[in-house]
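Structure, as structure tokens:
The values are calculated or read from the model by the stated rules, or taken from the named source; none is laboratory data. A quick note: this is a predicted structure, and the numbers were derived from the prediction, not measured. Every residue, glycine as well, gets a Cβ built from its backbone with ideal geometry; the counts of neighbours run over all protein chains shown. Ligands, DNA and RNA are stripped out before the accessible areas are found, and what is left, the full protein with its side chains, is counted by its heavy atoms. Shrake-Rupley method; radii C 1.70, N 1.55, O 1.52, S 1.80 Å.
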Amino acid sequence: AIIAYQQALEVTTRQAFPQKHAETLKNLGITYQDNHRFSLAYDTYESAITTVELLRGEIISGEESKRKQAEEWNVLYRRMVEVCLQLGKETLALEYIERSKTRNLVELLFNDELSPKGETSPEDNRRLQQLRDEIAVEKQRLQEAEINNHSNDHNLGAIGSKLNQLRQQREDLISKVIGYQPIRFPEIQRLLDDNTAIVQWYLFEDCFRAFVITRDRSKPQIWSSSKEDLEKLKNYWNSEYLQSYRQDKKRWIYELNHKLQQLPEILHLDEVISLVPHNCKKLILVPHLYLHLLPIHGLKLSNGEYLIDKFTDGVTAAPSCQLLRILQKQSSKCRDAIYGDVMYNVSTLLFAIQNPTKNLDYSDIEVETIATKFKPNYILKHDKATLTAFQQQSNSDNFKNSHWLHFSSHGYFDLNNPYKSALQLHGAAKIPITNATESSRTLRISEEEEIELEKCLTLENIFELTLSNCRLVTLSACESGYTDFNNTSDEYIGLPSGFIHAGAASIVSTLWAVDDFSTAIFTIKFYENIQNSTSTNNIALALNQAQNWFRQITPPQLRQWIDENQNVTAENKGKIKKRLADYNNPQEKLFENPYYWAGFYAVGD
């Protein structure tokens, strides 16, 4: 087999047939790896990945094409990670994990014409177009020479060599303009301070692993599961969690506390966290595939502590270390803009969407209370919260310039087409489903109903936004933190990724359908914590503090908090107390069930 693949590479050369060349290299690498010839496998995979990444630049028909290519080659990267581990190259393994994740999202800084979003020099744009034209000419020359046999092998090789040089020049220029370079392990370490650790998960074919990264260790500490552990995790996700949620959400909510008690054991969370040094007070979780949708931050350790209890400076999440680097840069830029001028504290700039469907009673209380601490504030309320109003110049400008964005509305995730996921605005009417025909203009929200996408703020719309100095986007809406877990390249496609692309430094969203009343109380407390000087610059800490407070609050304590809260109007205090009248047990912890608080999580710095 090895001899046959080597002979095939003499025909399917990188110059003549780059796609076939990469496929042949992949198969040769697998053969080496399966026969424990790991050094040869490493060299072969490295060559294959170089070819694949050069080919990416020729795909200009849109993100979907690049996502499909990333999924097609996912096995190549996974195999490379395995070989790196088999050779004892732990840091390289982590670097290849990063190379396999979220590059499409980083490249979405470009539009379909490969022109960067934002300001780009005319010279760079001219050079990109020139390289594209030159590559097209050389590819045509090579094809004609092979078909007509007008060139000898030497000339074919020269044409192919020039073609690859042009491809590399184009890749280097794209990387320069969008700031994309594969992140290296020392760069990952520089994202951390001495008291912060990263736990990054990765799912393999026969196990899953957790990589624990700190600033002072020369390589990641790695925990590996058994094959049986992986099967348990898959079964848990598919049967116990996802299928149950889709079939009967009310029953799922009732059983959630029990379901989450199983997960720490399946993930071996105690063993993984034991690898984090005791001095670390902040934890950054980097999940993989469907792990993005599990509330790992809200799981309980064997000593009775929740994960957010153990890390007193907060537990946050990131899609990848590559994107964490981008989010940290955006966060630094926002902090300079918000707090750099002591004469004018622009941290008061808030833009909010308030209850556009007018059927979320406590959503009004939520936004009205939060807004009192931000002056000026801009609020599109009820029937004024339309897509047309949102896109008007004055509102659009206020939105782009605000540092705090808050959406209190209904949210929907479309698993079949994640780019149709949306935040519902006023006028997006619910329509009875009359047939099974799929429409690009509607989004199915239940077995009986769908809504008009043309009047919603969709993920496609969000990708077109530009946020100048946005410190935080809060998506106080159901399933607003969902991402596409079906794509094997772990591209993290969902509403949070849209706002990352737009320029937000942090996003707080939800992992499931949340309750209107409890969400309002929780979110008010969260913003109260943001105003606290100890957590203003730490969104994850403000969120975790709200979660710890929320799960322990009793009816008398909540009534007292409402009474003493000067930001809540007398009318709204009455509405909340009226709802609290249903709770008669003074010792009851109203929101202890993880359903009420664990669904909220922070992505970003």
Study note, to complete from the structure: If the label point sits 7 Å along Cα→Cβ of S224, residues of the stretch 16-56 with amide N under 17 Å come out as 33-39, 42
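Would you work out the charge dipole size for the stretch 184-301 about its Cα centre, treating the Cβ of every Lys and Arg as +1 and the Cβ of every Asp and Glu as -1, and quote it to the nearest 20 debye? If you can, show how the numbers build up before the last one.
On the way: 17 positive and 15 negative charges, 78 e Å.
With Lys and Arg at +1 and Asp and Glu at -1, about 380 debye.
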Check your understanding: If one computes the Cα centroid of the stretch 578-605 and of the stretch 280-301, what distance in Å separates the two points?
Key -> 20 Å
Check your understanding: Once the dipole of the stretch 454-595 is set up with Lys and Arg at +1 and Asp and Glu at -1 on Cβ about the Cα centre, which of N593, Q552, L465 lies farthest towards its positive end?
Key -> Q552
Check your understanding: How far apart, in nm, are the 7 Å Cα→Cβ label points at Q328 and R126?
Key -> 3.7 nm
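Accessible area per residue of the chain at 1.4 Å probe, in Å²?
On the way: 25850 Å² over 605 residues.
Per-residue value: 43 Å².
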Exercise for review: Which order do the peptides 125-137, 516-528, 195-207 take when ranked by the mean count of other beta-carbon atoms within 10 Å per residue, highest first?
Suggested key: 516-528, 195-207, 125-137
Practice item. For helix 2-11, report the angle its Cα long axis makes with the longest principal axis of the Cα atoms of the chain; keep it between 0 and 90° and round to the nearest 10°. Key: 80 degrees
Check your understanding: Quick one: with all protein chains in place, what share of the accessible area of the chain is carbon or sulfur, to the nearest percent (1.4 Å probe)?
Key -> 46 percent
**Study point:** Charge dipole magnitude, Cβ of K and R +1, D and E -1 - the chain, Cα centre, debye nearest 20
**Key:** 920 debye
Check your understanding: From the cross-link list K232/K300; K232/K420; K89/K329; K381/K575; K329/K381; K101/K329, which pairs have alpha carbons spaced over 26 Å apart?
Key -> K232/K420; K89/K329; K329/K381
Review point. For the Cα atoms of the chain, what angle does the longest principal axis make with the long axis of helix 321-339, in degrees from 0 to 90, nearest 10?
Key: 50 degrees
Practice item. Round to the nearest 10 and give me the degree value, 0 to 90, for the angle of helix 361-371's Cα axis relative to the longest principal axis of the chain. Key: 80 degrees
Review point. Which of Q129, I159, W201 sits farthest toward the positive end of the charge dipole of the chain, with +1 on the Cβ of Lys and Arg and -1 on the Cβ of Asp and Glu?
Key: W201
Study note, to complete from the structure: With the charge dipole of the stretch 475-584 built from beta-carbon charges (+1 for Lys and Arg, -1 for Asp and Glu) about the Cα centre, the Cα from Y492, I539, Y527 projecting farthest to the positive end belongs to Y527
Review point. How high is the FRET efficiency from E449 to H258, r the C-beta distance, R0 30 Å, rounded to 0.05?
Key: 0.45
**Study point:** Helix-only CD estimate at 222 nm, as mean residue ellipticity for the chain, using -39500 (n - 2.57) per DSSP H run (n ≥ 4)
**Key:** -15000 deg cm²/dmol
